[in-house]
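A.B. asks: Take a look at this one; I'll ask things after.
The values are calculated or read from the model by the stated rules, or taken from the named source; none is laboratory data. Quantities reported herein were computed from a predicted structural model and do not represent experimental measurements. Note that each Cβ is placed from the backbone with ideal geometry, even for glycine, and that neighbours are counted across all protein chains shown. The protein model used for the area step is the full one, side chains on, heavy atoms only, and it has no ligands, DNA or RNA in it. Shrake-Rupley method; radii C 1.70, N 1.55, O 1.52, S 1.80 Å.
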Amino acid sequence: MNSKVVEVASALDFIRDGDTIVHTSASYAGCPDYILKSLEDRFLETQHPAGLMLYAGCGHGKPGGYGGDDRFGHPGFLRRTICTHPDVVQTVRKRIEDNEIEGYVFPQGVVQQLFRCAAAKQPGLLTKIGIGTYVDPRIDGGKLNSVTVEDLVQLQVIDGEEYLFFKTIPVDVAVIRGTTSDERGNISIEEESLKLELLEVALAAKASGGKVLVQVKQIVANGSIKARDVVVPGELVDAVVVCDDIAEYHRQTTGTVYSPFLSSELRCPPGAVAKPKEVLRPEDIVCRRAVYEIHRGAIINVGIGIGVGVGSVATVEGIVDDVTFTIEMGVFGGTPQSGPNFGSMINATSYVSQTAMFDYYHSGGLDIAFLGAAEIDSEGNVNVSRFGGRAAGQGGFIDISQTSKKVVFCTYFKAKGFEADVEGGKLVIKNEGKVPKFVDKVEQITFNGKLSRQKGQEVVICTERCVFRLVKDGVMLTEIAPGLDLERDIIGNMGFRPIVSDDLKVMDGRIFVPGRMGCFD
């Protein structure tokens, strides 16, 4: 049998003008960037392949750097993108905002399941995910600009209930990443921090008559990889390329070249994962208060933003082994990582595909989700996806917020210039933010408060200075930080007047004192 291991130039020959390309990564974790960099170089040299459609199942950027989907931002390289989180891919986002390419943003879990629809040659996905948000065709249909006109989402009514139907997108080329390959193309991922949707997009490409290209660190002899460790069988693979610069183009995450703790090959002592903070910042107050919403036995998701710190607080409080943190990219258990390692876990207990994780989420498996919020209005609507024309996207926010039993939004009370210290067990506001987060009307609906209230979903909003809950009649203020004035520090800085609880409480004082709170003792 001929080896499937080739030089990168030969692998690129499989990609033609106008092709639809899928590559797998979450931020920079799992990114086959050596192949993508080589494809970018070929385009810059020859102007081919041109007019591609980039189909992205997660946010494929390199925060603080250049890589991943940013490489497709050159004029003429793309004609269309279907993505979930364009905010992390600034070069492509600018092309969308300048009306130079067509752009769609769909919920991350919907895109993941559409890969499986393509793999099974199904016409599309029927789901309730996205109803009442900007993905709904009665609003924007997920379209990001004026040159994007084709309807890829339809409203359908079945047995009196509303659903959205997302059309299947065939895949011409899947570009994926593993750790090791044998000469037959069998792929294992022992040093990767995530399983992602490698098998699903490979199957989608083969079902569409397309090709599968794989970037790996190393080649081993046939038979060296145990059959149970093969994530993508060689029968699905057309070309394997060995990365020639691991530190630059095959990093485990944006912030880490390789750590056995992020791939769960080794376990890290709990004390090294998270330690009590000696000095508290406003974001710490948000996470410390949010942890009070946890109950033992809960299945939890933490999203990007302030709320990712909830995992570290729970570890310090000694409850991390009594709950299960999950990450939508497909990880159960352990402590969620933040910053350049976001999307990974320390001491994970199991890995599934990103597609399977969203099956679990969509079915209502989550007890609590800790998510960010950029704008909130009196109806309880939340915007995280569009600001002043900037197409930020939302990743898995819609999938998670619509299906979790409880949603805890974690956010600063105001933005841009806000400064505060925690002194003497109180929050001391040094400089008030210029941009209110609680507004009369959100710019775009990413979470529909009215629909959430109608179905009785529990929704909590945690800020550094107060706590709100979504109730039948709107947004209710239920707690205030010690030492703050209700009118001056809270209501006077909002774009609407909230309902004030008759039983307005002061937030637990332990939240504002450094060290372990002991709230679960």
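A.B. asks: When the chain is fully extended, how far beyond the present Cα-Cα distance does Leu155 get from Glu190, taking 0.36 nm per residue of separation? Spell out each step's value before the answer.
C.D. replies: Numbers: separation 35, 0.36 × 35 = 12.60 nm, distance 4.19 nm.
So the extension gain works out to 8.4 nm.
A.B. asks: Quick one: Cα centre-to-centre distance for region 96-172 and region 332-411, in angstrom?
C.D. replies: 19
A.B. asks: Give the peptides 386-395, 300-309 in descending order of average Cβ contacts within 10 Å, highest first. It would help to have the intermediate numbers written out before the result.
C.D. replies: Numbers: 386-395: 19.6, 300-309: 25.0.
Averaged packing, sorted descending, gives the order 300-309, 386-395.
A.B. asks: Could you give each residue of region 461-478 its phi-based ³J(HN,Hα) in whole Hz, using Karplus coefficients 6.51, -1.76, 1.60 with θ = phi - 60°, and x for Gly or Pro?
C.D. replies: 10, 9, 10, 6, 10, 6, 10, 10, 10, 7, 10, 3, 9, x, 9, 10, 7, 10
A.B. asks: Also, quick follow-up: With θ set to phi - 60°, apply the Karplus curve 6.51 cos²θ - 1.76 cosθ + 1.60 along region 16-30 and write out the HN-Hα couplings as whole Hz, x wherever there is a Gly or Pro.
C.D. replies: Each residue of region 16-30 in turn: 10, 3, x, 5, 9, 10, 10, 10, 10, 5, 10, 6, 10, 5, x Hz.
A.B. asks: If you wrap a convex hull around the C-alpha atoms of region 164-263 and split its volume per residue, what is the figure in Å³? Present the calculation step by step, with values, prior to reporting the outcome.
C.D. replies: Values: hull volume 12.7 nm³, N = 100.
Value for region 164-263: 127 Å³ per residue.
A.B. asks: Between Phe387 and Gln90, how high is the FRET efficiency from 1/(1 + (r/R0)^6) when r is the Cβ-Cβ distance and R₀ = 22 Å? Nearest 0.05.
C.D. replies: 0.95
A.B. asks: Quick query: amide H of Ala392 versus all other amide H atoms, modeled in the peptide plane; which residues come in under 5 Å with a sequence gap of 5 or more or a different chain?
C.D. replies: Arg386, Phe387
A.B. asks: Can you compute the label reach from Arg79? Point 7 Å from Cα along the Cβ direction, backbone N cut-off under 15 Å, restricted to region 143-180.
C.D. replies: 148-150, 170-173
A.B. asks: Please report, as a whole percent, how much of the solvent-accessible surface of the chain comes from carbon and sulfur atoms (probe radius 1.4 Å). It would help to have the intermediate numbers written out before the result.
C.D. replies: Numbers: 9730 of 19680 Å².
On the chain, the fraction of accessible area on carbon and sulfur atoms equals 49 percent.
A.B. asks: From the P(r) of region 179-329, can you give the percent of Cα pairs sitting at distances over 25 Å? Could you put the intermediate results ahead of the total?
C.D. replies: Numbers: 5181 of 11325 pairs.
Result for the distance tail: 46 percent.
A.B. asks: Between region 205-255 and region 42-80, what's the alpha-carbon centroid distance in Å?
C.D. replies: 21
A.B. asks: Using the basic label-point model (7 angstrom from Cα toward the beta carbon), what is the Asp322 to Val506 distance in nanometres?
C.D. replies: Rounded to a tenth, the inter-label distance reads 2.7 nm.
A.B. asks: On alpha carbon coordinates alone, what is the Rg over Rh value for region 287-374, Rh being the Kirkwood radius?
C.D. replies: Working: Rg = 11.8 Å, Rh = 12.8 Å.
Ratio value, two decimals: 0.92.
A.B. asks: Run the numbers for Glu432 and Glu7: contour at 0.36 nm per residue of separation, minus the present Cα-Cα distance, in nm. Numbers along the way, then the final one.
C.D. replies: Values: separation 425, 0.36 × 425 = 153.00 nm, distance 5.64 nm.
Length difference between fully extended and current span is 147.4 nm.
A.B. asks: If you don't mind, there's one more thing I want to ask. Hey, got the Cα dimensions of the chain along the principal axes, in Å, largest first?
C.D. replies: Answer, in whole Å and largest first: 75, 51, 45 Å.
A.B. asks: Over all directions, what mean area does the Cα convex hull of region 382-504 project, stated in square nanometres? Numbers along the way, then the final one.
C.D. replies: Working: hull surface 32.8 nm².
Computed as one quarter of the Cα hull surface, the answer is 8.2 nm².
A.B. asks: Let me ask another. When the distances between all Cα atoms of region 57-106 are binned every 10 Å from zero, what whole-number percent does each bin get?
C.D. replies: With a bin width of 10 Å, the distribution comes to 29, 61, 9.
A.B. asks: Right, another one. In Å, the Kirkwood hydrodynamic radius of region 75-176 over pairs of distinct alpha carbons?
C.D. replies: Values: mean 1/r = 0.0695 Å⁻¹.
Every distinct Cα pair counted, the radius reaches 14.4 Å.
A.B. asks: A further question follows. Under a point-charge model restricted to the Cβ atoms of Lys and Arg (+1) and Asp and Glu (-1), what is the dipole moment magnitude of region 71-162 relative to its Cα centre, in debye to the nearest 20? Could the numbers behind the result be given before it?
C.D. replies: On the way: 11 positive and 12 negative charges, 96 e Å.
Dipole size: approximately 460 debye.
A.B. asks: Another one. Can you tell me what share of the DSSP beta bridges in region 95-219 is antiparallel? A percent to the nearest 5 is fine. Working shown, then result.
C.D. replies: On the way: 13 of 20 bridges.
Counting DSSP beta bridges with both partners in region 95-219, the antiparallel share is about 65 percent.
A.B. asks: Also, I was wondering about something else. Long-range amide H contacts for Gly185: which residues qualify at under 5 Å (H placed 1.01 Å from N, peptide plane, sequence gap of 5 or more or a different chain)?
C.D. replies: Long-range HN contacts for Gly185: Lys4.
A.B. asks: So how much slack lies between Asn222 and Glu97, counting 0.36 nm per residue of separation and subtracting their Cα-Cα distance, in nm? The partial results should precede the final answer.
C.D. replies: Numbers: separation 125, 0.36 × 125 = 45.00 nm, distance 4.80 nm.
Stretched fully, the Asn222-Glu97 segment lengthens by 40.2 nm.
A.B. asks: With a 1.4 Å probe and all protein chains left in place, how much accessible area per residue does region 87-164 have, in Å²? Don't skip to the answer; put the middle values down first.
C.D. replies: Values: 3350 Å² over 78 residues.
Normalised by residue count, the accessible surface of region 87-164 is 43 Å².
A.B. asks: A further question on this structure: Once amide H atoms are placed 1.01 Å from N in the peptide plane, what residues at a sequence separation of 5 or more from Cys83, or on another chain, have their amide H within under 5 Å of its amide H?
C.D. replies: Result for Cys83 returns Ala56, Tyr104, Val105, Phe106.
A.B. asks: Something else: Can you name the helices of the chain, as whole DSSP H runs, whose Cα span along the helix axis is 15 Å or more and whose Kyte-Doolittle mean is not below -1.0?
C.D. replies: Working: long enough: 33-46 (19 Å, -0.46); 108-119 (17 Å, 0.47).
Helices meeting the criterion: 33-46, 108-119.
A.B. asks: Sticking with this one: For the chain, what does the helix formula give at 222 nm: sum of -39500 (n - 2.57) over DSSP H segments with n ≥ 4, over the residue count, nearest 500 deg cm²/dmol?
C.D. replies: On the way: 12 runs with 96 residues, N = 521.
Helix contribution divided over all residues of the chain: -5000 deg cm²/dmol.
A.B. asks: Hey, another quick one. Viscosity 1.567 mPa s, temperature 4 °C: what is the translational diffusion coefficient of region 88-128 from Stokes-Einstein with a Kirkwood Rh over Cα pairs, rounded to a whole number of µm²/s? Display every interim value, and only then the final one.
C.D. replies: On the way: Rh = 12.0 Å.
So the translational diffusion coefficient is about 108 µm²/s.
A.B. asks: Go through region 403-418 residue by residue and turn each phi into a ³J(HN,Hα) via Karplus (6.51, -1.76, 1.60, θ = phi - 60°); whole Hz please, and just put x for glycine and proline.
C.D. replies: 10, 6, 5, 10, 10, 10, 7, 10, 7, 5, 6, 9, 10, 6, x, 5
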